[in-house]
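I have placed the structure first, in the form of structure tokens, so that the comments after it can refer back to it.
The values are calculated or read from the model by the stated rules, or taken from the named source; none is laboratory data. If you're wondering where the values come from, they're calculated on a predicted model, not measured in any experiment. Backbone-built Cβ (ideal geometry, glycine too); neighbour counts: all protein chains shown.
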Amino acid sequence: MGNLTLYESNRHLIQTGDEIEWHSDTLLGGAIRVISPEVNHTSICILFPGYYTDRVFQIEALEHGMVLTCVSHRLENHPGQAYLRPLRPEFNPVRREMGRIALDFAGTQIKYDYKGAFLENLFGRAKMNADRLFCTEAWYFTVSWAALASGSQGLIKLIRQSDKWLKNKAPRPADVRHLGLTKGVFKLK
């Protein structure tokens, strides 16, 4: 493995449902940052404590659909920086449901939302569409569906506030920090 010191020192903070923000030093990453300053990609963290205790995985929307990968491998080959944005502690009771939703997205081979990610986001914000997903849209559906299904009035209030800020549209990668759903940020690479 390459130099993953930051990741190794912060890995213990990662829980299912947390977000990783990616800043890619690529032409495509730079183009996306025109509409989403600072970060251009989002992935959903997922842990499998009954199977793996030494690995953290992520699910991310890529051009060929929702993909499950090992975070350390993804970081090792990533040209740029990555940041962990943990969910607020209020979400701890619904993390298992978030994992189920994210795995369902990956397991059903949902297609990438090119229209929303590029065209609609270029001229405003994309409409939420669970049939095709781009990165942050997948993360937001995962978190909001788990929160709403819980019936927790506190979580529902947080999601409604986020929906209001987003004007009921899909978030871009750089929007997550403004939604009030996460607490803190930790550099992973």
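Okay, here's what the table says:
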| read-out | value |
| --- | --- |
| Tally of residues being surrounded by 13 or more Cβ atoms within 10 Å (Cβ to Cβ), touching a strand residue (DSSP E or B) at 6+ places or on another chain (Cβ under 8 Å) and at pLDDT 80 or above across the range 27-43 | 7 |
| Selection count, the range 108-127, where residues are assigned to a helix (DSSP H, G or I), of a type in the set (A, V, I, L, M, F, W, C) and farther than 19 Å from Ile59 by Cβ | 3 |
| Criterion: assigned to a helix (DSSP H, G or I), crowded, with 18+ Cβ neighbours inside 10 Å and in contact (Cβ under 8 Å) with a residue 40 or more places away in the chain - qualifying residue of Ala61, Ala102 | Ala102 |
| Filter result (free of Cβ contacts under 8 Å to residues at least 60 places away in the same chain and out of contact with any helix residue (DSSP H, G or I) (no Cβ under 7 Å at 6 or more places or on another chain)) within the range 168-189 | Asn168, Lys169 |
| Residues (part of a helix (DSSP H, G or I) and out of contact with any Lys or Arg (no Cβ under 9 Å at 6 or more places or on another chain)) located in the range 23-38 | Leu27, Leu28, Gly29, Gly30, Ala31 |
| Lone unmet requirement of (1) surrounded by fewer than 19 Cβ atoms within 10 Å (Cβ to Cβ); (2) closer than 30 Å to Leu6 by Cα for Ala130 | (2) |
| Which numbered condition Val67 misses (of (1) part of a strand (DSSP E or B); (2) surrounded by fewer than 19 Cβ atoms within 10 Å (Cβ to Cβ); (3) touching a residue at least 60 places away in the same chain (Cβ under 8 Å)) | (3) |
| Verdict on Leu155 being at pLDDT 95 or above, closer than 23 Å to Glu8 by Cα and of a type outside the set (Val, Ile, Thr) | no |
| Residue list for the range 1-58, restricted to those being acidic (Asp, Glu) and either more than 16 Å from Pro79 (Cα to Cα) or free of Cβ contacts under 8 Å to residues at least 40 places away in the same chain (or both) | Glu8, Asp18, Glu19, Asp54 |
| From the options Ala130, Ala149, residue that is in a loop (DSSP other than H, G, I, E, B), over 25 Å from Ala82 (Cα atoms) and free of Cβ contacts under 8 Å to residues at least 60 places away in the same chain | Ala130 |
